[in-house]
1. Just one of the numbered conditions (1) more than 18 Å from Thr88 (Cα to Cα); (2) under 10 Å from the mean Cα position of the chain (by Cα) is not true of Lys38; which one?
2. What number of residues within region 20-51 are surrounded by fewer than 14 Cβ atoms within 10 Å (Cβ to Cβ), on the phi < 0 side of the Ramachandran plot and touching a residue at least 24 places away in the same chain (Cβ under 8 Å)?
3. Of a type outside the set (Val, Ile, Thr), more than 25 Å from Arg114 (Cα to Cα), in contact (Cβ under 8 Å) with a residue 40 or more places away in the chain and surrounded by 12 or more Cβ atoms within 10 Å (Cβ to Cβ): is that true of Leu54 in this structure?
4. Just wondering, is there one or more residues in region 102-117 that are over 18 Å from Gln8 (Cβ atoms) and surrounded by 16 or more Cβ atoms within 10 Å (Cβ to Cβ)?
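Please treat every number below as a calculation from the coordinates, not as lab data. Bear in mind the structure is a predicted one, so any value in this text is a computation, not a measurement. A quick note on method: Cβ atoms are made from the backbone with ideal geometry, for glycine too, and the neighbour counts reach across all protein chains shown.
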Amino acid sequence: MAVPILKQSHYLIATIQAALTDADLVELRDALVARVGKFRSRGVIVDVTALDVLDSFASRTLRDIACMIRLRGAETVIVGIQPEVAFTMVQMGITLEDVPTVLDLEEGLAHLERKSRH
């Protein structure tokens, strides 16, 4: 697995540490969706802080992950989108529709805590 997935309390944290191939992204998607059920997770954080590019396939895969995880009863939040990445995504018309994004891991955990209380 190219991306480590850590379990912290009721949440899974996947920290992407380097650019991933399309196959790596698909493997990450499948692993996260399976582990949400296995661990009965309430939320997933995908940390993209180390990435300096999020292409259209990666963005679409992140949206797919969030949708699939929502269908499994959990919430997904993307953390750490760098300013340059955000700028490029907007310029290219790439969005993460309906996927919450926050500044960092701490805010990601706080977001999931708020969501799980509702």
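1. The one condition Lys38 does not meet is (2).
2. Taking region 20-51 as the starting set, the residues that turn out to be surrounded by fewer than 14 Cβ atoms within 10 Å (Cβ to Cβ) are 21-23, 30, 34, 37-38, 40, 50.
Pick out the ones that are also on the phi < 0 side of the Ramachandran plot and you get 21-23, 30, 34, 37-38, 50.
Okay, now just the ones that are also touching a residue at least 24 places away in the same chain (Cβ under 8 Å), so 22, 37, 50.
Here the count works out to 3.
3. Numbers: of a type outside the set (Val, Ile, Thr): yes; more than 25 Å from Arg114 (Cα to Cα): yes; in contact (Cβ under 8 Å) with a residue 40 or more places away in the chain: yes; surrounded by 12 or more Cβ atoms within 10 Å (Cβ to Cβ): yes.
Considered against the rule, which asks whether it is of a type outside the set (Val, Ile, Thr), more than 25 Å from Arg114 (Cα to Cα), in contact (Cβ under 8 Å) with a residue 40 or more places away in the chain and surrounded by 12 or more Cβ atoms within 10 Å (Cβ to Cβ), Leu54 comes out as yes.
4. Within region 102-117 (the criterion being over 18 Å from Gln8 (Cβ atoms) and surrounded by 16 or more Cβ atoms within 10 Å (Cβ to Cβ)), the answer is no, since none of the residues qualifies.
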